[in-house]
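Worksheet: one structure, shown below.
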Amino acid sequence: MSVKQAQSLGKLILLPALFGLLISSTSVWEILLRPAFPHLENLVYSRAPLWELVVQHANMVAVSSTLATLVGTGLGVFVTRSRGREFLPVVNSLVSMGQTFPPVAVLAVSVPMVGFGYKPTIIALFLYGLLPIVRNTISGLESVGPEIHEAAQGMGLTAVQTLFRVEVPLALHVIMAGIRTSVVINIGTATIGATIGAGGLGVPIIAGLNSDNPAFILQGAVLSGLFAILVDAGMNRAERGAVPSAQE
Amino acid sequence: MPVLPRLRSKVLFLGSILGLTVLWPFAFLIFRANRIAPGEGLSLFQAVPWPAWLGLILFWGYFLLRSFAGSERIRTLELVPAALAPSCLLFIVGESATEILSQAQPYARVSMGPGVWISLIAFFILLVALYSRTGSGRGVYIPLGVGAALALWVLASGQLKDLSLVTELIQRRERFVSELVNHLWITGLSVGLSTLAGVPLGFIVFRRAWLRDKTFYILNIVQTIPSLALFGLLIAPLAMLITAVPLLKELGLRGIGWTPAIIALTLYAMLPIVRNTYAGFAAVEPELAEAGRGMGMNRVQLLFLVELPRALPILLSGLRIACVQNVGNTAVAALIGAGGLGVFIFQGLGQSALDLIMLGAVPTILLAVGVDALFQLLIRLATPRGLR
Amino acid sequence: MIELQQVNKFFGDTPAVLDFSLVVEEGELCCLIGPSGCGKTTTLKMINRMIETTSGSIRVGGRGITELKPHELRRSMGYVIQSIGLFPHMTVMENICVVPRLFKWERGRAKSRAMELLELFDMPPDRFKDKYPRELSGGQAQRIGVARALAGDPDILLMDEPFGALDPISRANLQRQFLRIQSELHKTVVFVTHDVDEAVRLASRIGLMQDGRIVQADSPERMLSLPRNDFVERFIGSERSLKRLSRLRVQDAMRAASGSDSSFRGVEGSDVPASDCFSASGNPNAISSPHGKSGEEDPGPVLDSGSDLRLALALLLQHGRQRLPVRDENGRIQGELRLLDLLGV
Ligand SMILES: Nc1ncnc2c1ncn2[C@@H]1O[C@H](COP(=O)(O)OP(=O)(O)O)[C@@H](O)[C@H]1O
Ligand SMILES: [Mg+2]
């Protein structure tokens, strides 16, 4: 077995297994952390089971990213059609402006507008997650050259057929990369959602910071870090599976 | 046979409709009896005197009609109201706030409602739409310049002093300035350190292919980890390290605050900087290096006369990404006690004090946008004409 | 003078150049030709140490090339490549001044040198010096490439398929211009090409390579008339006699006009500038297609004394003429060229 294979096997099995173990059993944390923090009274965050926090986190990201993907790709497709092309400059400048907005600030601003909790987090994650998807959808579709459009037209494909059989397959890996960026950003922003009462894996970190408990902080940090890496790696894999040309 | 008027510009149409939502359903201003009392929305008609709302209706009405009729090209004269409108709106908002507060209890507050924010977005859309349809020529940018100057004047003149955000700012002026400076220091220092390490690393990675995949693999993982998690991961190990080595403590290092913040932010900024340094050098066409070598340049001369000037714009845009990103992540670092504008955000969230949240969030956004604009300018200046 | 003695080059175990010996004399223009992959570029790059030899010796001006540091050696030679490699972030002027800058010439001297070179290449400095490479056509860019290589006034010029990427017309123009400049400057040139016609037109000597070895090194005339073996003969091609014509100039075969000879149609006296007769002035090409005076029959084209005989033959045949008038650089009619005379060359 080569080093590469061993690495990919590690990623495929070891990390998910480790993650599963860490969220299902508190005794693992006891074993790992007790030597480091011998005098700490509460070693494992216990106000909610860790797996529940993972579910909350995953739920926020899944809902917002699914919405962002649907709306974002739709918008990207719309502004690259002849009927919507008029909107391209506006959408482009809104997107590039919006992308400079720090996600934490967007999250914060949504509180005065919508209030605390789950809802503003979803709205902020959705809005912010839109940007990379719209941008990559546009640039992916725009990168399909005029000669390819001409060829498709010449073969008698309708506009819709051209979109789904030619443009989307050619742009797919750029679009998928945008979705992946969006999801990773959303996972990160969702941890901050804990500060506005949205739950998720940021909760132990914030609790640990408030009660001066480094073990809580470490739990939240390790789990949210692992979660992000796992999702990113999974999407990377899915991307390669879906797009033959993305494989070397 | 009567026909429906044909829609000429959908962008203009939608922009105007969005602008008109300020009439209904969105509240224009929000009134609160005190800092943390629940807000009460005031409609446009309640909030501003009739000439102001009439003017706003006429303004959007004109552009609504304009989306159906008139020439395809936008005349420079039409740009004038569009370019001046944002500052006028802000002026009116300030006037109304003063007016409303003069009749209210001492601790009352007035803040901008969704109507104002949406109006500002609508103005932005309107301007982009208009400017994509004007003729060329420098003259067309004069209204925009005047508008920007006017907006700055409105902001600087104290016209908005009775808006709750500004009231909050005035009350906490000293703390605000010190946290802003703190924020700039954290961002600047982390990007600076990252540049010192990242540019040479990017160059090494460009020269040594075997290091490339590994380096990017690691930096990608770092970038994937949520910023809050990365801060959290550093706290415990740092605390232990400092307990073990007291000297570090005397050097001013702590398990919380600046130390983990700077370390994490430096790591965060590495990926864009290393990636773009590599991409910049990789963009140097091989024949340029060959020509340079063939002319008798040594390695250093080749680097400074040919490769670096060619790579610089791409390298700078990596710095731009790193800076903008770190302005935001520095705000998160307030959670681990590093200070910065995030302090107001999280204090505000803790106290449900909306103005305080905005006092942290709005300047953070402005800072990010400003840094971005600054870098765009810098990149333009650093790009030789032959490469544009 | 460049001397290569039993030079070998291996990339790993693969031989690229084998037992290569060649002497390029002072002021000589030596073309290396051969099929793609035969080792021409490798040989050229060994001369300025862009590639190090595996064994053998190379001497330039009597000194071994390893005596100097590589970059010092390279500064003393001009180097021109097919992809040109003009620096996109520098103006034409700055590009030409690179080597003078490396030599730390003072500004004024470098600048006036650049001006001089632009003039030499018929590129008005005022129009071109502040342009950026992407604003130049391929032919203009390559002329700057050659000018840049000449900027430090090197004795030696190494050129690797310099005109290979150009269209035939700019290529022919550049070849002609380069010949003219070479006849003024007398540099020692090693010129790599895979185009036999180019080699025959430019070279004072041709080295033909195959599989890393030199097969025949001779003057173009001898190469054409006495190919050493089948490979040479096949590579040179079947139109050998035509190619030989391209080595000769119209002036070598023309008959000079004597005062009494008025047999040139359309020309009243040999001392009348032809450009006046045919209003063909300003045409930079060798041949002008003049318009006859009203009522007269088409007098046919006028040949330039400096253009090559292959072109002249083509024109004679194309216009169905037995003879055509010839003019000198100043546009004066000098004499005529007869079809029959070409057969005897
Ligand atoms: N850097 C290199 N590494 C390995 N082989 C090379 C290298 N450069 C050239 N070669 C090989 O050496 C031979 C000669 O190449 P080259 O001198 O470029 O040929 P030419 O210029 O005549 O087309 C070719 O077979 C080529 O593949
Ligand atoms: Mg070659």
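Can you give the Kirkwood hydrodynamic radius for the protein assembly as shown, in Å, rounded to one decimal and based on Cα pairs? Kirkwood radius, the protein assembly as shown: 34.6 Å. Give me the angle, in degrees from 0 to 90, between the Cα long axis of helix C:107-120 and the longest principal axis of the Cα atoms of chain C, rounded to the nearest 10. Helix C:107-120 and the main axis of chain C meet at about 40 degrees. Considering only alpha-carbon pairs that sit under 8 angstrom and 6 or more positions apart, the relative contact order computed for chain B is 16 percent.
Taking Cα atoms only, the orientation of helix A:103-114 departs from the longest principal axis of chain A by about 90 degrees. In a DSSP loop and with at most 11 other Cβ atoms within 10 Å, the GluC sites (Glu not before Pro) in segment C:35-88 are C:52. Residues whose amide H falls under 5 Å from that of residue B:29, counting only those 5 or more places apart or on a different chain, are B:42, B:113, with hydrogens built in the peptide plane. In chain A, the DSSP-assigned H stretches of four residues or longer account for a calculated mean residue ellipticity at 222 nm of -23500 deg cm²/dmol, using -39500 (n - 2.57) per stretch and the full residue count as denominator. Mean per-residue shielding of peptide B:345-356 is 3, counting Cβ atoms of other chains within 10 Å of each Cβ. Here the residues B:214, B:10, C:131, C:45, ranked from fewest to most Cβ neighbours within 10 Å of their Cβ, fall in the order B:214, B:10, C:131, C:45.
Listing B:109, B:75, B:173 from fewest to most neighbouring C-beta atoms within 10 Å gives B:173, B:75, B:109. Per q in 0.16 1/Å, what log10 I(q)/I(0) does a Debye calculation on the alpha-carbon atoms of segment A:47-243 return? Evaluating at q = 0.16 Å⁻¹ gives log10 I(q)/I(0) of -0.99.
A convex hull fitted to the Cα coordinates of chain C yields 157 cubic angstrom per residue. Shape summary of chain B, radius of gyration then Dmax from alpha carbon positions: 26.1, 91 Å.
Projecting the Cα atoms of C:250, C:168, C:309 onto the charge dipole of chain C, computed from C-beta unit charges around the Cα centre, puts C:168 farthest toward the positive end. Couplings for segment B:116-122, taken from phi via the Karplus curve 6.51 cos²θ - 1.76 cosθ + 1.60 with θ = phi - 60°, read 5, 4, 5, 4, 5, 5, 5 Hz in order; Gly and Pro are left as x. Annotation: the antiparallel percentage among DSSP beta bridges lying fully within segment C:76-218 is about 35. Extending 7 Å from the Cα toward the beta-carbon at both residue C:126 and residue A:78 defines two label points whose distance is 5.8 nm.
For the protein assembly as shown, the antiparallel share of DSSP beta bridges with both residues in that region comes to about 60%.
Output the Kirkwood hydrodynamic radius of segment A:181-226, Cα pairs only, in Å rounded to one decimal. Could you put the intermediate results ahead of the total?
Working: mean 1/r = 0.0963 Å⁻¹.
Taking the inverse mean of 1/r over all distinct Cα pairs, segment A:181-226 comes out at 10.4 Å.
Rounded to a whole number, what is D in µm²/s for segment B:134-222 from Stokes-Einstein with the Kirkwood radius over alpha-carbon pairs (25 °C, 0.890 mPa s)? Don't skip to the answer; put the middle values down first.
Working: Rh = 18.3 Å.
After rounding, the answer is 134 µm²/s.
Along its principal axes, segment B:10-163 has C-alpha extents of 52, 31, 24 angstrom, given from the largest down.
Given the pairs C:45/C:111; C:69/C:131; C:40/C:104; B:214/C:104; B:214/C:9, which span a C-alpha to C-alpha distance of over 31 angstrom in this model?
Values: C:45/C:111 29 Å; C:69/C:131 34 Å; C:40/C:104 33 Å; B:214/C:104 42 Å; B:214/C:9 35 Å.
From C:45/C:111; C:69/C:131; C:40/C:104; B:214/C:104; B:214/C:9, over 31 Å: C:69/C:131; C:40/C:104; B:214/C:104; B:214/C:9.
For segment B:58-65, 3J(HN,Hα) computed residue by residue from phi via the Karplus equation (6.51, -1.76, 1.60; θ = phi - 60°) reads 4, 4, 5, x, 4, 6, 5, 5 Hz, glycine and proline entered as x. 3J(HN,Hα) couplings calculated from phi for segment B:343-358 with the Karplus curve 6.51 cos²θ - 1.76 cosθ + 1.60 (θ = phi - 60°) are, in sequence order, 3, 5, 4, 6, 4, x, 5, x, 9, 6, 9, 4, 5, 5, 4, 5 Hz; Gly and Pro show x.
Output the antiparallel fraction of DSSP beta bridges having both residues in segment C:2-245, as a percent to the nearest 5. Please report the intermediate quantities before stating the final value.
Details: 19 of 37 bridges.
Roughly 50 percent of the beta bridges in segment C:2-245 run antiparallel, per DSSP.
What is the order of C:223, A:176, fewest Cβ neighbours within 10 Å to most?
Working: C:223 29, A:176 22.
Ordered from fewest to most neighbouring Cβ atoms within 10 Å, C:223, A:176 come out as A:176, C:223.
How high is the relative contact order of segment A:47-243? Use alpha-carbon pairs under 8 Å, at least six apart in sequence, and give a whole percent. Could you put the intermediate results ahead of the total?
Details: 233 pairs, mean separation 51.7, N = 197.
Averaging sequence separation for qualifying contacts and normalising by length gives 26 percent for segment A:47-243.
With K and R counted +1 and D and E -1, the other residues having a Cβ less than 11 Å from that of residue B:362 yield a net charge of -2.
None of the figures in this text is laboratory data; all of them are computed from the coordinates on show. On a predicted model such as this, the values are computed, not experimentally measured, just so you know. Cβ coordinates were reconstructed from backbone atoms using ideal geometry, including for glycine residues, and neighbour counts include every protein chain displayed.
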